[in-house]
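A.B. asks: First, the structure itself, so that you have it in front of you.
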Amino acid sequence: MKFTINRDAFLKPLQVVSGAVERRHTIPILSNVLIQVASDHVRLTGTDLEVELVSVCDIEGGEEGQLTVPAKKLVDIVRSLPDGAQVEVSASGEKATIRSGRSKFTLATLPAEDFPNIDDWDSDIQLVTSQSVLRDLMERTHFSMANQDVRYYLNGMLFETDANTLRTVATDGHRLAMSAVEIPQPNLTGRQVIVPRKGITELMRLLDDADNEVKVAIGANHIRVETNGMSFTSKLVDGRFPDYRRVLPQGGDKFVVADRNVLKQACSRAAILSNEKYRGVRVTLSNGEMCLTANNPEQETAEEVIEVEYQGDSLEIGFNVSYLIDVLNTIHGDKIKMTLSGPDASGLIEDNEDDSSLYVVMPMRL
């Protein structure tokens, strides 16, 4: 096995697949990257048994063969070489040799036959969109995913296909984020699947804001995303996602329109003196005005008053200020709209000009 490749052409695909590799693993081969060489391309694979990343680089005149080498060490070696350097990788016995100029490195290998591949599977649903659309959908909702919750089905993101719509939903039980986009592909089969947290993190790292085409395939237990010579496969979370439609507040009759940036800055300042554990802030609404009040066990208080568009009865409600800031960081528009009904009901927040994303925040008792 032998091939030569430009350092810059090798580094990015290598970094992509190493994202799936766990540094510390009880199974030694999962710390390795699988390198498969054909005459005109090299195929790189990294996996942790839950997520698998595959990248293909073009080469000229490779000698066929396959092996696995420690992923982190190989990335560090290639990264440390000068820009534009030629890298030669060869194998003999149980060692792999990397040469570039007058540098030479020898790495231990493990047999490629022992490398675990995600089994072949059939997809029920295929759809095509762009990198920017798919990334934007996840960016609008990912912050609401639970982290290591015992309700394991919350430690991920719901992907839902419905007619010609692709929707993502995430919730940790205290807040919910939902975003939808129309896919120009009529008659999409209706389906709900949960992609695990690590899969979402890797996908967001892989995709950029380009209009490059992305193919998404969903099967019974897996999801696969292919773009730019890279293939991402993740196992799905086996569980039922809560019925998010029942969580969306109904019948709110108090509408507040506020400047997103002004409200975000007011929340950030109030948060400084909020209780570090509970992060509560009291929101008091009166005609044309919103007052944010925070205090902590040291009897310190912060008060912020901002002008808003609001006409109606005065209302006092408590929220976790961190949840509000997360939503305000995610919305892109200049103004936000809040829909409220009472001090004990969840608040609904959305972009005042765009209803494709909705955010629900549960109230707090203060």
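A.B. asks: One residue is enough: does the range 60-70 have a residue meeting the conditions closer than 15 Å to R7 by Cα and either over 32 Å from the mean Cα position of the chain (by Cα) or modelled with pLDDT under 95 (or both)?
C.D. replies: yes
A.B. asks: Next up: Select from the range 108-123 the residues that are open to solvent by 100 Å² or more (accessible area, probe 1.4 Å), part of a loop (DSSP other than H, G, I, E, B) and farther than 27 Å from Q192 by Cβ and list them in ascending order.
C.D. replies: Matches in the range 108-123: none.
A.B. asks: Could I ask something else about it? So, in the range 1-58, how many residues would count as being open to solvent by 60 Å² or more (accessible area, probe 1.4 Å), of a type in the set (D, E, K, R) and either more than 21 Å from Q86 (Cβ to Cβ) or in a strand (DSSP E or B) (or both)?
C.D. replies: Counting residues in the range 1-58 that are open to solvent by 60 Å² or more (accessible area, probe 1.4 Å), of a type in the set (D, E, K, R) and either more than 21 Å from Q86 (Cβ to Cβ) or in a strand (DSSP E or B) (or both) gives 7.
A.B. asks: Provide a single number: the residues in the range 124-142 that are closer than 17 Å to I218 by Cβ and open to solvent by less than 30 Å² (accessible area, probe 1.4 Å). If you could, list the steps in order and put the result at the bottom.
C.D. replies: Initially, the range 124-142 is screened for residues closer than 17 Å to I218 by Cβ, giving 124-129, 133-134, 137-138.
Those left that are additionally open to solvent by less than 30 Å² (accessible area, probe 1.4 Å): 125, 127, 129, 134, 137-138.
Of the residues in the range 124-142, 6 are closer than 17 Å to I218 by Cβ and open to solvent by less than 30 Å² (accessible area, probe 1.4 Å).
A.B. asks: In the range 91-107, what residues are within 22 Å of V21 (Cβ to Cβ) and open to solvent by less than 60 Å² (accessible area, probe 1.4 Å)?
C.D. replies: A91, A96, T97, I98, L107
A.B. asks: In the range 219-235, is there at least one residue being open to solvent by 30 Å² or more (accessible area, probe 1.4 Å), of a type in the set (D, E), part of a strand (DSSP E or B) and modelled with pLDDT of 95 or more?
C.D. replies: Yes, the range 219-235 has at least one match.
A.B. asks: So is A170 at pLDDT 95 or above, in a strand (DSSP E or B) and buried (at least 19 other Cβ atoms within 10 Å of the Cβ) or not?
C.D. replies: yes
A.B. asks: Going by the conditions given, is G84 more than 28 Å from the chain's Cα centre (by Cα), surrounded by fewer than 11 Cβ atoms within 10 Å (Cβ to Cβ) and touching a residue at least 40 places away in the same chain (Cβ under 8 Å)?
C.D. replies: Answer is yes for this residue.
A.B. asks: What's the number of the only condition in (1) in contact with a Leu (Cβ under 9 Å, 6 or more places away or on another chain); (2) of a type outside the set (K, R); (3) open to solvent by 10 Å² or more (accessible area, probe 1.4 Å) that Y244 fails to meet?
C.D. replies: (3)
A.B. asks: Is it true that some residue in the range 149-160 is more than 30 Å from V37 (Cα to Cα), among the basic types (K, R), exposed (fewer than 13 other Cβ atoms within 10 Å of the Cβ) and under 22 Å from the mean Cα position of the chain (by Cα)?
C.D. replies: Taking the range 149-160 and keeping what is more than 30 Å from V37 (Cα to Cα), we get 149-160.
Still in the running and among the basic types (K, R): 151.
Retained after the next criterion (residues that are exposed (fewer than 13 other Cβ atoms within 10 Å of the Cβ)): 151.
With under 22 Å from the mean Cα position of the chain (by Cα) added as a condition, the list becomes 151.
Yes, the range 149-160 contains a residue that is more than 30 Å from V37 (Cα to Cα), among the basic types (K, R), exposed (fewer than 13 other Cβ atoms within 10 Å of the Cβ) and under 22 Å from the mean Cα position of the chain (by Cα).
A.B. asks: Just checking, which of V69, V37, V56 is hydrophobic (A, V, I, L, M, F, W, C) and out of contact with any Gly (no Cβ under 9 Å at 6 or more places or on another chain)?
C.D. replies: From the options V69, V37, V56, the qualifying one is V69.
A.B. asks: Take the conditions closer than 20 Å to T227 by Cβ and hydrophobic (A, V, I, L, M, F, W, C) and apply them to M145. Does it pass?
C.D. replies: no
A.B. asks: Surrounded by fewer than 14 Cβ atoms within 10 Å (Cβ to Cβ) and in contact with a Lys or Arg (Cβ under 8 Å, 6 or more places away or on another chain): is that true of D208 in this structure?
C.D. replies: yes
A.B. asks: Of the residues D83, D48, which single one is farther than 26 Å from L236 by Cα and either at pLDDT below 95 or of a type in the set (D, E, K, R) (or both)?
C.D. replies: D83
A.B. asks: Here is a follow-up. Does the range 262-285 hold any residues that are touching a Phe, Trp or Tyr at 6+ places or on another chain (Cβ under 8 Å) and either surrounded by fewer than 15 Cβ atoms within 10 Å (Cβ to Cβ) or β-branched (V, I, T) (or both), and which are they?
C.D. replies: Residues satisfying the conditions are V281, V283.
A.B. asks: Would you say E298 is surrounded by fewer than 16 Cβ atoms within 10 Å (Cβ to Cβ) and part of a strand (DSSP E or B)?
C.D. replies: no
The values are calculated or read from the model by the stated rules, or taken from the named source; none is laboratory data. Since we're looking at a predicted model, the values are computed, not measured. Note that each Cβ is placed from the backbone with ideal geometry, even for glycine, and that neighbours are counted across all protein chains shown. Ligands, DNA and RNA are excluded from the accessible area calculation, which covers all protein heavy atoms including side chains. Shrake-Rupley method; radii C 1.70, N 1.55, O 1.52, S 1.80 Å.
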